[in-house]
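These notes are about the structure you will find just below.
The values are calculated or read from the model by the stated rules, or taken from the named source; none is laboratory data. Everything numeric here is computed off the predicted structure, so don't read it as measured data. Every residue, glycine as well, gets a Cβ built from its backbone with ideal geometry; the counts of neighbours run over all protein chains shown. Please note that ligands, DNA and RNA were not included when accessible areas were found on the heavy atoms of the full protein model with its side chains. Shrake-Rupley method; radii C 1.70, N 1.55, O 1.52, S 1.80 Å.
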Amino acid sequence: MRKHVAWATAVAALAVLGLTASMAAGSSAAGSVRVIATGLNNPRGVAVAPDGTVFVAQAGAGGRFKCQKTPEGDQCVGFTGSIDRVANGVRTRYGAGFFSGGDRDGSFSVGMDGVAVAPDGTVYGIESTPSLHPQAFGPEVTAQGGFVFRVDRG
């Protein structure tokens, strides 16, 4: 039994040594990191279009439009959710006016939480809801909450 434990320990040690060596080799040849967008408003999702353009879904900062007490605490709605487009080092607003819901100070916001780009370049976004009952926040939120949208620029 001791031989088996010693053998297993030796194999585990060699595996760790090999993993450490490969990580060290990989880190010396690692690429660089470059910031392509700053000043984002609760970024949630990133998608890259076939042409290399980067799209960023931003949940926004909630707001004070309408607040409701929920099991998670006060949830307030605003319309600061958006999708930005980053191409050739330039960030532009691609779609805006999506609701965002979160705490009164904007923390823990949900809203435009994901983005995807189809092979033909069509942009899609997914809107989360601030609670189990988005209708409590009014018709504007009900019309957006819990849906996947095709987002045309604007």
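Summary of computed values
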item	result
Residues of segment 43-57 that turn out to be touching a residue at least 60 places away in the same chain (Cβ under 8 Å), under 17 Å from Glu127 (Cβ atoms) and either basic (Lys, Arg) or open to solvent by 50 Å² or more (accessible area, probe 1.4 Å) (or both), as a count	2
Those residues of segment 53-76 which are over 30 Å from Ile36 (Cβ atoms) and not hydroxyl-bearing (Ser, Thr, Tyr), in sequence order	Arg64, Phe65, Lys66, Cys67, Gln68, Lys69, Pro71, Glu72, Gly73, Asp74, Gln75, Cys76
Of all residues making up segment 58-101, the number that are assigned to a strand (DSSP E or B), closer than 22 Å to Phe147 by Cα and either open to solvent by 40 Å² or more (accessible area, probe 1.4 Å) or out of contact with any Pro (no Cβ under 7 Å at 6 or more places or on another chain) (or both)	21
Top-ranked residue of segment 126-137 - restricted to ones that are surrounded by 19 or more Cβ atoms within 10 Å (Cβ to Cβ) and not in a helix (DSSP H, G or I), ranked as modelled with the highest pLDDT	Glu127
Looking only at segment 114-125, and only at residues there that are buried (at least 21 other Cβ atoms within 10 Å of the Cβ) and among the hydrophobic types (A, V, I, L, M, F, W, C), the one that is nearest to the chain's Cα centre (by Cα)	Val115
Qualifying residue in segment 21-36 (condition: at pLDDT 95 or above, out of contact with any Pro (no Cβ under 6 Å at 6 or more places or on another chain) and open to solvent by less than 80 Å² (accessible area, probe 1.4 Å))	no
Criterion violated by Glu140 - all others in (1) open to solvent by 20 Å² or more (accessible area, probe 1.4 Å); (2) assigned to a strand (DSSP E or B) satisfied	(2)
